[in-house]
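What follows is one structure encoded as structure tokens, with my remarks underneath.
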Amino acid sequence: MKSRMALLYVLLLVSPGATEAARETVLRQIAVPHNYYFREMYLPQLTTGPSSLAWSTDGKWLVYSMSGSLWKQQIGSNVAEQLTDGPGYDYLPDVADDGRIVFSRYHQDALELHMLDPATLEVSQLSTDGAVNLDARWSPDGESIAWISTASNGRFKLFTGQLQGRPGKQSLQGQPLLPDRRSPVDRYYYSAFDHELSPTWSPDGAEIIYVSNPDVIYGSGGLWRARLDGQSEAVMVRDEETSWRARPDWASDGKRLAYSSYLGRQWHQLWVTTAAGGGDPFPLAYGEFDITNIRWSPDTTQLAYVSNENYNTQIWIQDAVSGKKQPLDIASRVYRQKPAQLVLQVVDGNGKPVPARVSVRGSDGRSYAPDSARIHADDGFDRSRMSEEVHYFHVADQVVQMMVPAGKTDITVWRGLENAVVHDSIQLKAGETENHKVILQSLDLPKSWSSQWQSGDLHVHMNYAGTYRNHPADLVAQGEAEDLDLQFNLIVNKEQRIPDIGYFSPEPDAASTTQSVLLHGQEFHTSYWGHMGLLDLQEHLLIPDYSAYPNTAAASIHPDNITVADLAREQSALVGYVHPFDTAPDPEAGGTLTHALPVNAALDKMDYLEVVGFSNHIETASVWYRLLNCGLRPVAAAGTDAMANYASLRGPVGLARVYVNTGPEFDFASASAAERKAAWLEGLRTGKTMATNGPLLGFELAGQGPGSEIRLKEGQSLNYSGFMRSIVDMDHLEVVVNGEVVRKVDLGQDGRVSDISGTLDLQPSSWVLLRAWSEHSSPDVLDIFPYATTNPIFVQIGDTPMQSSEDADYFLAWIDRIGESAESHPDYNHASEKRIVLEHIDQARQRFEQCREVSDLSGSPEAPGY
């Protein structure tokens, strides 16, 4: 139950010359909060393996979506026949008695319903509303279709209707089956209005079972049953918290209902219950993997489904009586048009094969990957520059091959932030093999960089209810392809489960290699106080992993984040705040304000801050600057919040990363995984960091680097030097002192390379850093905009501490708002919990009162745009 609001994709940087960033979420027409869960778990995604399926009405063959096309395969055969090949990507097929196939096509920024004629293989478009239309199901008589659409109000509504017009020119006309209903309960990142999902028809065509959430606080809802004649109200079939993936299927006997459920376990499995409701469901499959998109065979003797048992997606067919199951073997593919074969290898400047991230876009505008690869997609894109989001896959240090349409093919290759992004275009010929080698060139970095500065991602989720299933070796391989030296898998709950809990260990994972170290930490999930990362816990995870969850036994706001930080530090862990702010909190604005970051910072219960992460980096930095101006020193860090087993959404691992200087004496390359972990975390703890999603920065003041403290008896001039190397063009490179930009570097036309030096007159005590940022998003950096910052260098002049009454007043107002909410909270379990929480808030207030009582900084700290 992750609580962040959806990422702010449309960003206006209010500074001289700034323009509106054009990056927006995929399928932006959906008006539902918290978009990145339903997007992965409900909307169809491009996968190289199958993603959805349907039986023919005679039960002799399956039609399924794979690699963005529809395919047909006889039961017992291992040959897949391609039925569609774009434009766009085809998903969610359903088959009528006469063989007509209705499906959803993602194209031109919408999901529209289409129909395939089985005789001619011609495709006709049924919906044209530019909305999101999916889950289409034929009625048993083939005369009507039920489907889900956002056309009426941007929310998921159940429609029923019939085809109008002559064959080949038909359209689908329908109406919502149910009226809009606003729930009186406060929902947890769901719309205030009920939604409907995943319809399935009764065998007589008189009723539909679907998923809905009337008065449900958490989850996408239970299973409901409604008559099409509207003569009675809908009735509940099964009351259970689901997470978008239930997709029930009504058996032709009319008695049984198959669906996906994670009840009592960590993964979705195959469950069956009674269609009449009131019965106790039971599972037909058991395993530490997901089973989704379940469909009964027409005679109900078998169930076909999509599973990630083998990490990628695959169709399995299970006997409904004996439980015997077998995968649908796809040994060969028959294409509608003869493709070309692309054989691809990525090498470094010395010709050595290296792992990398690759995107291949065919002449038809669609994305392609090797059959065995797991393809991923970005979660947003700039419509003025691209027609769809970036799709990519990871390759190891070996040759890969894939089938791609003939014609112009665009290839993009990334390998971390220390190598230039490569954009190649080649011509492919049908029926022929093209061998193509991509040669990477490393950026011109100082010689000491690669030996002293090591990259890490502090916020990765190995498995988080996504399409794929990751093993630790998969996550390490992704890290190697992203040239990432270290990553923390933050184990965390998703609803009532914690998928990776069995992997927790204080030691580096055994899958770690000499190139990339995998570590397991924890994300503490409380929406009330803000999420925290707990790194290097030595004994155990903190359970239940959250507090302040309304309508549960964990409704109390205790343990607060101070208590959690103390518990983590008892295990020698580092504590940080993750994905902090899309917009900096305004204590003077209305509404509630409970985010406890200033409380942790004031009481020294916070080691780092994800300045670069799944949030707005500039907004987050503005709060960070205020903390620094009050003499507090949370370290600049970075974490992607990568959901590494998702087919679409936040990632890849290492998108946001923090570089740590482990020093010239430590040989990082030859050290053991445990030694690398210890050295790297010590560098993080002491602030020797640079956080980024693109540009690489180096900065020194009087010969000292980030995290250092320079002590002077009185103010004086100090020399600074630094550099920027970037894989994308940057608009700004700035020296910041106490929150004010004091030097702006002219980056010229290139915007990627700069070496700087100069002198700063510093008085009173100050902090100094170097930052770079761009006003626009870039398709080569899959984030809202490129941004990087060094951690500060601190200059202590005499005995005068860092102090700012203006910023102290800001946090005092913030803490007062926190105190008001905490004082009136109704769900403490006993009085001692309230006393502890309020004492922590009062102690933080005293710390900021001390800051404001001393003389103010000269000038007010502010970043450009504030």
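The values are calculated or read from the model by the stated rules, or taken from the named source; none is laboratory data. It should be emphasised that the depicted structure is a prediction, and the values quoted were computed from it without experimental measurement. No Cβ is skipped: glycine too gets one built from the backbone with ideal geometry, and neighbour counts run over all protein chains shown. Side chains included, ligands, DNA and RNA excluded: accessible areas come from the protein's heavy atoms. Shrake-Rupley method; radii C 1.70, N 1.55, O 1.52, S 1.80 Å.
For region 798-835, what are the residues that are among the polar types (S, T, N, Q) and more than 23 Å from PRO585 (Cβ to Cβ)? Reasoning before the result, please.
Narrowing region 798-835 to residues among the polar types (S, T, N, Q): 800, 803-805, 821, 824, 829, 832.
Those that are among the polar types (S, T, N, Q) and more than 23 Å from PRO585 (Cβ to Cβ): THR800, ASN829, SER832.
Residue-wise test of (1) closer than 21 Å to VAL95 by Cβ; (2) surrounded by 20 or more Cβ atoms within 10 Å (Cβ to Cβ).
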{"position": "ASP290", "(1), (2)": "no, yes"}
{"position": "ILE294", "(1), (2)": "yes, yes"}
{"position": "PRO298", "(1), (2)": "yes, no"}
{"position": "THR301", "(1), (2)": "yes, no"}
{"position": "TYR305", "(1), (2)": "yes, yes"}
{"position": "THR313", "(1), (2)": "yes, yes"}
{"position": "LYS325", "(1), (2)": "no, no"}
{"position": "LEU344", "(1), (2)": "no, yes"}
{"position": "ASP348", "(1), (2)": "no, no"}
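Only one entry of VAL795, VAL837 meets the criterion of being more than 25 Å from ALA637 (Cα to Cα), open to solvent by less than 60 Å² (accessible area, probe 1.4 Å) and modelled with pLDDT of 95 or more, and that entry is VAL837. When ILE439 is tested against the conditions (1) modelled with pLDDT of 95 or more; (2) among the hydrophobic types (A, V, I, L, M, F, W, C); (3) within 27 Å of TYR335 (Cβ to Cβ), the lone failure is (3).
Looking for whichever is crowded, with 20+ Cβ neighbours inside 10 Å and more than 30 Å from CYS851 (Cα to Cα) here; the options are SER777, SER804. Which one fits? If you could, list the steps in order and put the result at the bottom.
Numbers: SER804 fails: more than 30 Å from CYS851 (Cα to Cα).
SER777 is the lone residue from the list that is crowded, with 20+ Cβ neighbours inside 10 Å and more than 30 Å from CYS851 (Cα to Cα).
The requirement of being in a loop (DSSP other than H, G, I, E, B), at pLDDT 95 or above and in contact with a Leu (Cβ under 7 Å, 6 or more places away or on another chain) is fulfilled somewhere in region 337-348, by at least one residue. Listed by first and then second residue, the pairs linking a residue in region 280-291 that is closer than 11 Å to HIS268 by Cβ to a residue that is surrounded by 17 or more Cβ atoms within 10 Å (Cβ to Cβ) and of a type in the set (Val, Ile, Thr), with Cβ atoms under 6 Å apart and 6 or more places separating them unless they lie on different chains, are ALA285/ILE291.
Residue pairs whose Cβ atoms lie under 8 Å apart, separated by 6 or more positions or on different chains, with the first residue in region 835-853 and within 16 Å of ALA813 (Cβ to Cβ) and the second among the β-branched types (Val, Ile, Thr), are ILE841/VAL599; ILE841/ILE815; ILE841/ILE818; ALA844/VAL599; ALA844/ILE815; ARG845/ILE815; PHE848/ILE815. Looking across ALA589, ALA642, ALA656, one residue alone is small (Gly, Ala, Ser) and either open to solvent by 10 Å² or more (accessible area, probe 1.4 Å) or more than 23 Å from ARG676 (Cα to Cα) (or both). It is ALA589.
Only residues that are in a loop (DSSP other than H, G, I, E, B) and more than 14 Å from GLY221 (Cα to Cα) were counted in region 182-205, giving 6. Condition check for VAL321 on (1) within 27 Å of ASN35 (Cα to Cα); (2) open to solvent by 50 Å² or more (accessible area, probe 1.4 Å); (3) aliphatic (A, V, I, L, M): one failure, at (1). Exactly one residue out of HIS520, HIS540 is under 28 Å from ARG469 (Cβ atoms) and surrounded by 23 or more Cβ atoms within 10 Å (Cβ to Cβ): that is HIS520.
Residue check: is LEU609 of a type outside the set (Phe, Trp, Tyr) and over 24 Å from HIS520 (Cα atoms)? Criteria not met by LEU609. Do you know which of the residues in region 121-136 that are touching a strand residue (DSSP E or B) at 6+ places or on another chain (Cβ under 7 Å) and free of Cβ contacts under 8 Å to residues at least 60 places away in the same chain is nearest to GLY168 (Cα to Cα)? Per the criteria, the residue is SER124. Taking first residues from region 738-751 that are at positive phi and of a type outside the set (A, V, I, L, M) and partners that are outside any loop (DSSP other than H, G, I, E, B) and open to solvent by 40 Å² or more (accessible area, probe 1.4 Å), the Cβ contacts under 8 Å between residues at least 6 apart in sequence or on separate chains come to GLY739/ARG626. Of the strands (runs of 3 or more DSSP E) lying entirely inside region 675-735, the ones with 2 or more residues being surrounded by fewer than 20 Cβ atoms within 10 Å (Cβ to Cβ) and of a type in the set (Gly, Ala, Ser) are found at 716-725. Scanning region 752-783 for residues that are under 30 Å from GLN716 (Cβ atoms) and without any contact (Cβ under 8 Å) to a residue 40 or more places away in the chain turns up SER754, ASP755, ILE756, SER757, GLY758, SER765, SER766. Filtering region 592-606 to residues that are surrounded by 24 or more Cβ atoms within 10 Å (Cβ to Cβ) and in a loop (DSSP other than H, G, I, E, B) leaves ALA596, MET606.
Of the residues in region 383-409, how many are within 28 Å of SER516 (Cβ to Cβ), out of contact with any helix residue (DSSP H, G or I) (no Cβ under 9 Å at 6 or more places or on another chain) and not aromatic (Phe, Trp, Tyr)? The qualifying residues number 8. Please determine whether any residue of region 573-583 is on the phi > 0 side of the Ramachandran plot, in a loop (DSSP other than H, G, I, E, B), open to solvent by less than 20 Å² (accessible area, probe 1.4 Å) and touching an Asp or Glu at 6+ places or on another chain (Cβ under 7 Å). Taking every residue of region 573-583 in turn, at least one turns out to be on the phi > 0 side of the Ramachandran plot, in a loop (DSSP other than H, G, I, E, B), open to solvent by less than 20 Å² (accessible area, probe 1.4 Å) and touching an Asp or Glu at 6+ places or on another chain (Cβ under 7 Å).
Checking each residue in region 354-392 for being at pLDDT below 95, part of a loop (DSSP other than H, G, I, E, B) and not charged (D, E, K, R) picks out SER372, SER384, MET386, SER387.
Of the residues examined, VAL492 is not one that is within 21 Å of GLY683 (Cβ to Cβ), of a type in the set (Val, Ile, Thr) and open to solvent by less than 10 Å² (accessible area, probe 1.4 Å).
Counting only residues that are closer than 20 Å to THR150 by Cβ, open to solvent by 30 Å² or more (accessible area, probe 1.4 Å) and out of contact with any Asp or Glu (no Cβ under 8 Å at 6 or more places or on another chain), region 190-220 holds 1 of them.
Note on region 571-629: among residues that are under 22 Å from the mean Cα position of the chain (by Cα) and charged (D, E, K, R), the one that is nearest to LEU684 (Cα to Cα) is GLU610.
I'd like the full set of residues that are closer than 21 Å to GLY168 by Cβ and either surrounded by 19 or more Cβ atoms within 10 Å (Cβ to Cβ) or among the acidic types (Asp, Glu) (or both), limited to region 140-152. Break it down into steps so the answer makes sense when it comes.
Taking region 140-152 as the starting set, the residues that turn out to be closer than 21 Å to GLY168 by Cβ are 142-145, 147.
GLU143, ILE145, TRP147, listed by residue number.
Just one of the listed residues (THR274, THR242) is buried (at least 22 other Cβ atoms within 10 Å of the Cβ) and either touching a residue at least 12 places away in the same chain (Cβ under 8 Å) or closer than 28 Å to ARG39 by Cα (or both), and it is THR242.
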